[in-house]
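Note sheet for the following structure.
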Amino acid sequence: MSLIIQGLSKSYDAQIAVADLSFTIDKGSVVGFLGPNGAGKSTTLKMIAGYLTPDAGEVILNGISNQKDPISFKKLVGYLPESNPLYEEMYVKEYFSFLTSIHKITNPANRIEELIELTGLQSMQHKKIGALSKGYKQRVGIAAAIIHKPALVLLDEPTSGLDPNQLVEIRNLIVSISKDAIVLFSTHILQEVSAICSSVLVLNKAKLVANTLINDLLKPTQPAVKVVFDEEIEPYLTDVFFQELDFNKQDKHVLVIKSKDINKLKKELLNFALAKGLNIQALQTQETSLEEIFKLLTH
């Protein structure tokens, strides 16, 4: 099972929304879709879902093209838009019953009970959707997207505006969905990506600027050591010891030094300080954060 995106493009008059986008995602993946506002994330999700016709390119899911066989394709897709459109006058269980009839699901009662348990809506199933909190509405929206057991689940900002407890619950739900489907979701919360995603796609100015595993995204960046001295360090920076180091001076007492071998660097710093009679207040390893990498990719 795989999702193949080939040369996907979309423009609105002179404004390019998505430019020649191509990537592949395999079953069992949770992929984070990142990018600043206006990068083209929502437009891409709409084109993949079949709600928006691309100017060029094709989306293929399990060998079925969204251009050549759109009906069969859409049957395999579950989509939660950012706006999470719901029939708020309907009761939760009533809404699910309505959806099972639309999708012509066999044994609808069993599927509804299964879905209510999966999304943690047991205590809310007899309430009107309009009376639910935002967190529970998001669960209803996700349930609606997966009620027909799609091969591909697209979630546009599924955790936007949720409190910390709700965030954890929705994250766990997304991970559970990925056992049987490809999950592609857009988010502005970078902690979510590092917490639950196996890989990440980054869009910037309508173009794909990164398509990689989370670990590989962080791997090329060198870790660093932050060292805080009691004394001002400027007089010592001309020493031969510092000439071969890649360092930045943060203030009179603080240096951040990059190195491939952090343990060796720490030992050398301690030996240097001992030889010069310097006192070190702190010696900390600093890993490059996902936020820093995101800034580098999107500026």
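Condition check: farther than 20 Å from residue 33 by Cβ, aromatic (Phe, Trp, Tyr) and without any contact (Cβ under 8 Å) to a residue 24 or more places away in the chain. Does residue 229 satisfy that?
Answer is no for this residue.
Only one entry in 193, 153 is buried (at least 22 other Cβ atoms within 10 Å of the Cβ), assigned by TED's automatic domain parsing to the domain that holds residue 111, in contact with a Gly (Cβ under 6 Å, 6 or more places away or on another chain) and within 24 Å of residue 93 (Cα to Cα), namely 153. The residues of the stretch 52-84 that are in contact with a Ser or Thr (Cβ under 6 Å, 6 or more places away or on another chain) and aliphatic (A, V, I, L, M), listed by number, are 56, 64. The set of residues from the stretch 247-275 being under 15 Å from residue 232 (Cβ atoms) and charged (D, E, K, R) comprises 249, 251, 252. Within the stretch 255-271, can one find any residue that is surrounded by 16 or more Cβ atoms within 10 Å (Cβ to Cβ), over 16 Å from residue 224 (Cβ atoms) and in contact (Cβ under 8 Å) with a residue 40 or more places away in the chain? No, the conditions are met nowhere in the stretch 255-271.
If you go through the stretch 73-91 one residue at a time, do you hit one that is of a type in the set (A, V, I, L, M), closer than 30 Å to residue 131 by Cβ and more than 28 Å from the chain's Cα centre (by Cα)?
Step one: list which residues in the stretch 73-91 are of a type in the set (A, V, I, L, M), which gives 76-77, 80, 86, 90.
Cutting the leftovers down to closer than 30 Å to residue 131 by Cβ gives us 77, 80, 86, 90.
With the extra rule that they be more than 28 Å from the chain's Cα centre (by Cα), the set shrinks to 90.
The answer is yes; a qualifying residue exists.
Just one of (1) surrounded by fewer than 16 Cβ atoms within 10 Å (Cβ to Cβ); (2) without any contact (Cβ under 8 Å) to a residue 40 or more places away in the chain; (3) more than 24 Å from residue 194 (Cα to Cα) fails for residue 24. It is (3). The residues on offer are 252, 266, and the sole one that is part of a loop (DSSP other than H, G, I, E, B) and not aromatic (Phe, Trp, Tyr) is 252.
Within the set 206, 224, the sole residue that is crowded, with 21+ Cβ neighbours inside 10 Å, farther than 25 Å from residue 258 by Cβ, among the aliphatic types (A, V, I, L, M) and more than 16 Å from the chain's Cα centre (by Cα) turns out to be 206.
When 141, 135 are checked against the criterion of being part of a helix (DSSP H, G or I) and closer than 30 Å to residue 4 by Cα, 141 stands alone in meeting it. Any residue at all in the stretch 103-113 that is among the hydrophobic types (A, V, I, L, M, F, W, C), within 13 Å of residue 141 (Cβ to Cβ) and crowded, with 18+ Cβ neighbours inside 10 Å? No, that holds for no residue.
For the stretch 1-116, please list each of the helices (runs of 4 or more DSSP H) lying entirely inside it that holds at least 2 residues being out of contact with any Leu (no Cβ under 7 Å at 6 or more places or on another chain) and farther than 14 Å from residue 145 by Cα. Full working, then the answer.
Values: elements: 41-49, 70-75, 92-103.
Those helices (runs of 4 or more DSSP H) span 70-75, 92-103.
Checked against the criteria, residue 69 does not count as of a type in the set (Asp, Glu) and crowded, with 16+ Cβ neighbours inside 10 Å.
Within the stretch 64-84, the residues that satisfy the criterion of being in contact (Cβ under 8 Å) with a residue 12 or more places away in the chain and of a type outside the set (Phe, Trp, Tyr) are 64, 66, 70, 74, 75, 76, 77, 78, 80, 81, 82, 84.
The values are calculated or read from the model by the stated rules, or taken from the named source; none is laboratory data. Everything numeric in this text was worked out from a predicted model, so none of it was measured. All Cβ positions, even for glycine, are placed from backbone atoms using ideal geometry, and neighbour counts span all protein chains on display.
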